[in-house]
Each structure stands twice: as C-alpha cells, then as structure tokens.
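Participant: One structure, pasted below without further comment.
The values are calculated or read from the model by the stated rules, or taken from the named source; none is laboratory data. Here the structure is a predicted model, which is why all the values come from computation and not from measurement. Here the Cβ positions follow ideal geometry from the backbone for every residue, glycine too, while neighbour counts run over all protein chains shown.
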Amino acid sequence: MEEFQPIIVKKVIKKHDHHGGSWKVAFADFAVAMMAFFFLMWILNSTNETQKKAIEGYFKDPAGVSQSGGSRYVIDLGGSPQALDANNETRDYDSDYVDPEGVLSAAAIESAADKIERERLKDLMAELEQRIEESEAMRPFKNQLLLDITKEGLRIQIIDQSKRPMFDPGGAQLKYYTRDILLELGSFLSGVPNSIKLTGHTDAAKYADDDDFGNWELSADRANAARRTLVEGGMSLEKVAEVVGLADRALFDEKRPLDPVNRRIALIVLNKRSAAEIQRNAAGGQEEKTEDAPPVRPRSQPFTKKELRENTQRLSDDLKGIEADNLPAPNQYREAEDNQEIWNLDDF
C-alpha cells in the first residue's frame, strides 16, 4: 500500500506592535499642564490687584495666620516643625517668634496714612487748578488765587492787589468779584469731605481808633464774611472747623508789611490730624477718659491684632475714597512675642 507523506500547514500570525503605553503618560501630562495653564489664565483674568497681592503674600509667607482660623501651613503634616534661633541652634518652632526688624510700628502706620492723605490733597489741588482755568468768575483772578500744601492741609489764599482789592477799604464788604470767587469755591468745597478753616489777614497799617476797632476786628470780620459767602455758595456750615482773625501777625511779605499782598483770606482744607487737633483744642485739650481706658502706649510699640483691626477700620472710615493699595489688609499680620500680632514690612 502506498504511503502518503503528511502535509503540514504552518500558519504565521502577524502581531501589530503598539509601541507600548508611554505615549499615554506623556499625553496625560500634557493634558494636566494645559488644564493648569487655563486655570491660571482664568484666575489672573478674574482677580483684581488687591486679590493678586493677597495671593502673592500668601505664597511669600504661608505661615501667616488668617482670621478664618484655618491651618497656618500650606500642607499640614502635623508634628512640631523645627527652627533655628539667633545662635543657629535647633529649637522648637515658636509661632510667636518674629524678626523684630520686620515690625511695622504704630508710627509707621500713621505715617503711611498721612502720606496717602497728602497725595489725595495734591489731587484735590490739581482738580481745583483745573476748575479755576475753566471758571469765568475765577480765571481772570487766578494770579490772586494761591494754592499750596501745608502741614495743615490744602491752603487756598485769595490775596489783594493794588488795583484789585477783595474788600472795601477799611471794611468787610466784599467786592462783587470776590463774592463770585467765594461762591465758586463754596460750590467746589461742597463735594469735599474735609473740614475747613478760615483765616483773615491784614497789612500792618494802623487805624486811628485802633483801640476800638483795629486790624484784629477787621481780619475777623472779613474771615466771617468769607465764611457766610462760602455757605451761600453751597458749602455746608458743618464743615467749618475754625474762623480766625490774625490781623498783621502772619504777613505774607514780612519785608514789606504795608504791601497789599498781606491783605488776604486763607481757606484751608484740613487734613484729619489738623481737624482733630482743632477739635481737641476747642474742647480745652481734654480727651474723654473712662475707667477702662487702656494706658497710653509708646509710638514705637507694635499694634496688637485687635488694635490693628480697629485702627484699620478707623483709617478706612477716615480716608474714604482714597486708593489705599499701600496699606495691607486687616488679616495680613504675623504674631509677635506676648501674643502681640503685628504687620510685617514685607506686606507693604
């Protein structure tokens, strides 16, 4: 019988190489990076400058304590972190420790507030200068309207000229153009929240009956005449903090005491410090005291947390409408020794 050779069929199965899974990892990293990028762009677009500074401050000083009572650490791992003291020796972390050179004192905070208000008064002076240029009543007399910033505030002086006096000679009757100027100023000052001080000045010329009526009476009468006209122009009478007649005791030109330029009226838009000083003097220099009133503290001593909140709120109320980006938010503080919580200079 004839034998048959077996036929062997070999099937070759070809497998496709998928090149592994590394590309998936790379794509996932790319997707996460893009998501983080879009989140970043969205946050930058939806936050204002104050919020950005707060976020920046948090990452600069993550140990700062927020008033919400949350953890002081970005990642709270528990335990007791270590820190180095001045001798580079390891010691237990003390949340009350702070570099004394980084302390912002009460005097520094007050100085910052004064600087902000001074800038605000400079802006007000620029606004008034523009108003003078645009006013038909004041523009012809702009050389007799002198504006400057003093330690009391923004001073507006209306001075006499030889051919253009503000008042009738020897009296307190306003010239018609002086009245128009004061009416315009009254309208302008009606929108200013600050208190106003008025002073009247004369030259050194004496009256024949100086004992009965002299420069003291004349300067006071003229200052009061200016006050009445300012109120008529729209300025609230409540804004008037002080009206003073100074006679010839504060000459504009001391070398020429008889010069007409010494006859003038000064309106001062008072800063907060000067207004408070006038109020204290009017009250006999006595401040209200209570049994529970805290003792007077040195100006160099840092604020406590409670004092920071109270003073920040007070400054905010006093300086309404001021862009105070230089001042830190009330919750930007660090703790000092004896549980005194203070602002750090880095927050400015």
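Participant: Among the residues of region 187-225 satisfying the criterion of being under 26 Å from D259 (Cβ atoms) and assigned to a strand (DSSP E or B), which is farthest from the chain's Cα centre (by Cα)?
Facilitator: H201
Participant: Let me ask you something else. I need the full set of residues from region 100-147 which are modelled with pLDDT under 80, closer than 25 Å to S274 by Cα and over 12 Å from the mean Cα position of the chain (by Cα), in order please.
Facilitator: L104, S105, A106, A107, A108
Participant: Going by the conditions given, is L308 farther than 21 Å from D168 by Cα, surrounded by 19 or more Cβ atoms within 10 Å (Cβ to Cβ), modelled with pLDDT of 90 or more and under 23 Å from the mean Cα position of the chain (by Cα)?
Facilitator: So L308 fails the test.
Participant: Does L246 satisfy the criteria of being farther than 22 Å from D123 by Cβ, modelled with pLDDT of 90 or more, surrounded by 16 or more Cβ atoms within 10 Å (Cβ to Cβ) and touching a Gly at 6+ places or on another chain (Cβ under 8 Å)?
Facilitator: yes
Participant: Can you name the residue in region 249-260 that is of a type outside the set (F, W, Y) and touching a residue at least 40 places away in the same chain (Cβ under 8 Å) and is also surrounded by the most Cβ atoms within 10 Å (Cβ to Cβ) among such residues?
Facilitator: Going through the qualifying residues, I end up with L251.
Participant: Of (1) assigned to a helix (DSSP H, G or I); (2) out of contact with any strand residue (DSSP E or B) (no Cβ under 7 Å at 6 or more places or on another chain), D253 satisfies all except one. Which?
Facilitator: (1)
Participant: Okay, moving on. Could you check E129 against (1) touching a strand residue (DSSP E or B) at 6+ places or on another chain (Cβ under 8 Å); (2) in the same structural domain as F213 (by TED's automatic domain parsing); (3) of a type outside the set (A, V, I, L, M, F, W, C) and say which number it fails?
Facilitator: Every condition holds for E129 apart from (2).
Participant: From (1) among the polar types (S, T, N, Q); (2) modelled with pLDDT under 70; (3) assigned to a helix (DSSP H, G or I), pick out the condition that doesn't hold for S68.
Facilitator: Only one criterion is unmet by S68, namely (3).
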